[in-house]
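Let me begin by presenting the structure, written as structure tokens, before commenting on it.
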Amino acid sequence: MPLFYQQDINEFTKLAVWKISEGEDFFLRTAFLPREITHPHKRLQHLAGRFLLAYLFPDFPYEEMLIADTRKPYLPEAQYHFSISHCGDYAAAIVSSRQRVGIDVEMVTARVDKIKHKFLHPQELAFVNSNPAKSHIELLTLLWSSKEAMFKWWGIGDIDFSESLRVDSFQFSSAGIIPARFLKDSWNIPLLIHFQLVNGLSLAWVCSE
């Protein structure tokens, strides 16, 4: 069983990352795709993400999932809050019966350097430049992943990543917590982003009441 990572955050919130090595038949035993996806690997990614929902909470009613206009999947009765992410051969999911959640998993690649000015505030760029140059790609990927997790936590769209999703300075390492803020209109909501950097992957998640 290629369970890559799992964590019980608290008694009502869990997350897991799956390394995909199975075919569709394995995931179709407990999951299905609510819409037509023709690309074979994308089908596997989406199936693995939905498989994880029931893996974390066996009573998760994945057959009731709907897709919002923002492309975020949701449950109409909100029995669970959840978020799914996938990249390459990995799928990640976080589920909570009480808290709003967001998760993102990314491969660490140099491509993120080309778009850094689109998602980072000037203060965040200064923070990146204050760290050793050899770690910039990992750090940039982590910041992108963190903001994607915040965006999924928000779930409604219409967000300027550089202005509304803000991260504060932190001690950069392979695992830890990033203090962050969600800024929109009159809202200034403090958030804590948890992260892991392992095997060329950046995993970030956030949960709040």
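The values are calculated or read from the model by the stated rules, or taken from the named source; none is laboratory data. None of the values given here were measured: they were computed from a predicted structure. Note: ideal-geometry Cβ built from the backbone for every residue, glycine included; neighbour counts use all protein chains shown. Please note that ligands, DNA and RNA were not included when accessible areas were found on the heavy atoms of the full protein model with its side chains. Shrake-Rupley method; radii C 1.70, N 1.55, O 1.52, S 1.80 Å.
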- Query: Considering only protein heavy atoms and a 1.4 Å probe, what is the carbon-and-sulfur percentage of the accessible area of segment 164-209?
  - Reply: 52
- Query: Under the definition of Cα pairs under 8 Å and six or more residues apart, what whole-number percent is the relative contact order of the chain?
  - Reply: 17
- Of LYS14/LYS114; LYS116/LYS147; LYS19/LYS42; LYS42/LYS134, which ones are farther than 22 Å apart at the Cα? LYS14/LYS114; LYS42/LYS134
- Within the chain, which DSSP H helices have Cα atoms that stretch 15 Å or more along the helix axis and a mean Kyte-Doolittle hydropathy of at least -1.0? 40-56, 136-154
- Between segment 48-111 and segment 8-37, the alpha-carbon center distance in angstrom: 9
- Task: Compute the Cα gyration tensor for the chain, then decide on rounded, prolate or oblate, letting a ≥ b ≥ c be the square roots of its eigenvalues: rounded whenever a/c is under 1.5, prolate when a/b is larger than b/c in the other cases, and oblate in all that remain.
- Result: prolate
- Highest mean first, what order results for 123-131, 183-191, 104-112 on Cβ atoms within 10 Å? 104-112, 123-131, 183-191
- Area of ARG98 that stays accessible when all protein chains are in place (1.4 Å probe, Å², to 10): 150
